[in-house]
Amino acid sequence: MVCYRPAQAHHLTFVEDDGLRGMRRSGDQHAVPLCDDHHRHLHAYGNEKRWWAMEGIDPLEWIEMFKRNEGKGYDPEESTEENTEEEILQDEE
């Protein structure tokens, strides 16, 4: 998703509104592919929303695009919205 190397599933930690503030991973419906290096870097960074914003990727948009393409992948040219780092971080509040 970030670099197109072989990937493993990363379960987003910020989509479940359970009061644990990112302490529990989400279900498979909110999983995205990340290579081992990026997966470790994301977990080491700590603030998942900020990490995605720094990468310039909206993982929730990626999931929706993946569903619309019936699992055939993500085409950034088909992106329906442009989320800036500031907009993504505002959702964090």
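The values are calculated or read from the model by the stated rules, or taken from the named source; none is laboratory data. Computed from a predicted structure; not experimentally measured. FYI the Cβ positions are ideal-geometry reconstructions off the backbone, even for glycines, and counts take in every protein chain you see.
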Selection status of D17, modelled with pLDDT under 90 and of a type in the set (D, E): yes
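Give the residue, chosen from R40, R50, that is surrounded by fewer than 12 Cβ atoms within 10 Å (Cβ to Cβ), modelled with pLDDT of 90 or more, out of contact with any strand residue (DSSP E or B) (no Cβ under 7 Å at 6 or more places or on another chain) and assigned to a helix (DSSP H, G or I).
Working: R50 fails: surrounded by fewer than 12 Cβ atoms within 10 Å (Cβ to Cβ).
Of the residues listed, the single one that is surrounded by fewer than 12 Cβ atoms within 10 Å (Cβ to Cβ), modelled with pLDDT of 90 or more, out of contact with any strand residue (DSSP E or B) (no Cβ under 7 Å at 6 or more places or on another chain) and assigned to a helix (DSSP H, G or I) is R40.
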Within the range 53-81, tally of residues that are in a helix (DSSP H, G or I) and modelled with pLDDT under 65: 3
Pairs where the first residue, in the range 40-63, is touching a residue at least 12 places away in the same chain (Cβ under 8 Å) and of a type in the set (D, E, K, R) and the second is part of a helix (DSSP H, G or I) and surrounded by fewer than 17 Cβ atoms within 10 Å (Cβ to Cβ), C-beta under 7 Å, 6+ apart: K49/L89; R50/L89
Any pair with Cβ under 9 angstrom, 6 or more apart, that starts in the range 1-30 at a residue that is within 16 Å of R50 (Cα to Cα) and of a type in the set (S, T, Y) and ends at one that is surrounded by fewer than 12 Cβ atoms within 10 Å (Cβ to Cβ) and at pLDDT below 85: T13/L20; T13/R21; T13/M23; T13/R24
